[in-house]
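Here the structure comes first, spelled out in structure tokens, and everything after it is commentary.
Every number in this text was worked out from the coordinates using simple rules, so none of it is lab data. None of the values given here were measured: they were computed from a predicted structure. Cβ coordinates were reconstructed from backbone atoms using ideal geometry, including for glycine residues, and neighbour counts include every protein chain displayed.
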Amino acid sequence: MIQVAQLTAERGDFCLGPIDLNLDESSYLTILGPSGSGKTLFLETCMGLLEPRSGKICLDGKEVTNLTPEKRQISYLPQDLALFPHLNVRANILFGAKQRKLDDKVSLSRLSDLIDLLDLHSIIDRHDVTTLSGGEKQRVALARALLPGPRLLFLDEPFSALDATIKRQLQVKLRQINQDLGVTILHVTHDQEEAFMLGEQIAVMIDGKLRQVGTRDDIYYRPKSLDVARFLRNQNIYEMTLTDIDHEGFLQLENGVILKAPACQGVEVGDRIAAVIRAEEVVIIRPNKPIGPELQDNLFLGTLKDILAFGGTHTLTVRIADSGMNIDIELPNCAMRDFGFSIGDKLQICLRQRSLWTIKIDTVKREDKDAAI
Amino acid sequence: MLKRDTTFKVIMLLPLVFLTGYFLILVGSQSAFFSLDDFLAQLGQQDIRSAIALSLIAATTSTVIAIVLAIPTAYALARIEFPGKRLLDTFIDLPMVLTPIALGTLILMSWNTAIGRLLSDIGLTLPFTLAGVILAQFTVIVAISVRMLKATFEQIDQRQEQVARLLGCSAFSSFLQITLPLAKRGILAAIILTWARAIGEFGATVMVAGTAKGQTATLPSSIYLAMSMADLPKAVTLVVILIGISLLVLFGLRMVTESKR
């Protein structure tokens, strides 16, 4: 559907890319990245609003790099929605149909479908779009983007200003639009929950580069770099030294404690390795219960140092005995109630091998960075 | 809180009261020299009627030309990046900082160049002609129009134009369908201000076109002529006419602007 090859662009001092990306027909890709990482700049370059410095953009195999925006057949829902204040709700939604010279019957039929789909009945005859609520504006802007019948829809942080309930309703609608109408969606956001809920594929953009593109599980459990791991709120990241690789390929890592971790490509003894485990993957061993075979390795005794309560979960910080290592553990409220932990309690935990992920630390790059600092 | 607000409002309103009073004194002081009979008699004079007509025609024409040129110029300065933009932006402001007399001199001198002589040869002469009046007024007001319209275009969210492009508009169509309607109030404000400046223009007009009665004597230059000949009733009549026309047009345009909000 859309292929981006070696795309670079710049705005002021900020450089985007080079970026390579393929997006299949009817797929849903979310680009996740912190504010200022270049997500909007990437969309603008793909849409033809900004001239790329180099690279190629193809739609359905045809190069569109030098086409003007209106010839690319991409619909766009920007963060600030950009409704046209001098037009009423109906005229806003029908604006694209008029420009694309759609047949009146087709336009009105699509309008009627969108009114049903996005529940616009109560506001479709509203004269002044500035009097709409945030959620209503969002639905009108989405309807306006969808009415010309685009095959490709770009969304730029579309729900960032909405409250949680309306946001969830609209996220469900977006999935419906992708699945029922077959619209290919490229959605950029800094909201991890939104990216994981909506994206079949997720791309992580940091500092103008796509650091990783993959499925939800790839990104969530198997980050390719420390930057990605840190951005995805992996609290448990330990920089260790590889001291042995056993006959099954498992790595032995040391840094105050010894960890047995799954294999990591292209590593050798002496390398610096980051071991990563998500807080909800850490297992607490119940006292006086038999320990299953997969929990025999990476068992540690620790002391509960801190408890942070969130809405539905608690995060426990455990200091491992005889080391400076802290491990964060996320527990749902019901499990927390069962355990009845309090600060100072001793507990045994296990970092399961299959939950651990290892990343080779690029020491040369780091040394360069340190030297630069 | 309420008391603090009241004090704040009074502080902000006092200068408004002062300015209104000051303007009322200026206008009211004319009453000593004003009589309705004189006024009606003066209105019947050919040279006064001619000055009114000339002022209206010249101010309206110069405003239309200035706005038509200022809209694309201001849009280019607000939206398009090109080398030397800052320099050009500053250069365009030149008429705003020069006195009208100096501007008039520049216009006259430019008619001594090859281009000026060419224009003279094809019949476009400036002294004692309507074209001279219009060109003088245009030169004075065009920079004001550009400045006001540039500010207007800069305030319009560029994202709206971009969304329009992605919905199928060409650059020109997006400008016509999105940018211009959104700039409507700014354009009307620019028209009001530039027209008001044009109808009151004196220095450059006198320098370029002179003050020939019935030919190039506008309302301001007629006032000057009347005062220089100590013809107070005529001067006051012309002032009252100028005030009346200006207030009528400004108020009318303001009403149009407000009603379209």
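Values as computed for the structure displayed
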| read-out | value |
| --- | --- |
| Loop-located trypsin sites (Lys or Arg not before Pro) in the stretch A:1-104, at most 13 other Cβ atoms within 10 Å (DSSP) | A:101 |
| Peptide A:117-125 - average C-beta neighbours from other chains (10 Å radius) | 0 |
| Rg/Rg_globular for the protein assembly as shown, with Rg_globular taken as 2.2 N^0.38 Å and Rg from C-alpha atoms | 1.41 |
| Qualifying trypsin sites (Lys or Arg not before Pro) in the stretch A:187-267, DSSP loop, other Cβ atoms within 10 Å at most 13 | A:233 |
| Two-site label geometry, residue B:114 and residue A:35: point separation in nm, points 7 Å out along Cα→Cβ | 5.8 |
| Pair residue A:220, residue A:252: separation of 7 Å Cα→Cβ label points (nm) | 3.4 |
| Mean projection area, nm², convex hull over Cα of the stretch A:234-360 | 7.9 |
| For the stretch B:36-259, diffusion coefficient by Stokes-Einstein and Kirkwood Rh (Cα), 20 °C, 1.002 mPa s, µm²/s | 112 |
| Chain A: most fluctuating residue of A:104, A:227, A:218 per GNM, C-alpha cutoff 10 Å | A:104 |
| Among B:19, B:250, B:193: highest mean-square fluctuation, GNM of chain B, C-alpha pairs under 10 Å | B:19 |
| Gyration tensor over alpha-carbon atoms, chain A, equivalent ellipsoid semi-axes in Å | 46, 26, 16 |
| Stokes-Einstein D for the stretch B:14-67, Kirkwood Rh over Cα pairs, 25 °C, 0.890 mPa s (µm²/s) | 174 |
| Expected 222 nm ellipticity per residue - DSSP helices of 4 or more, -39500 (n - 2.57), all of the protein assembly as shown, to 500 | -15000 deg cm²/dmol |
| Rounded, prolate or oblate (a/c below 1.5 giving rounded, otherwise prolate when a/b exceeds b/c) for the stretch A:37-101 by Cα gyration tensor | oblate |
| Pairwise label distance in nanometres, residue A:239 with residue A:263, each label 7 Å out on the Cα-Cβ vector | 2.7 |
| Considering only chain A, percent of DSSP beta bridges that pair antiparallel, nearest 5 | 75 |
| Whole-Å distance, taken between Cα centres, linking the stretch B:22-73 and the stretch A:258-274 | 89 |
| Candidates B:238, B:149, B:43, ranked by Gaussian network fluctuation over chain B, Cα under 10 Å, top entry | B:43 |
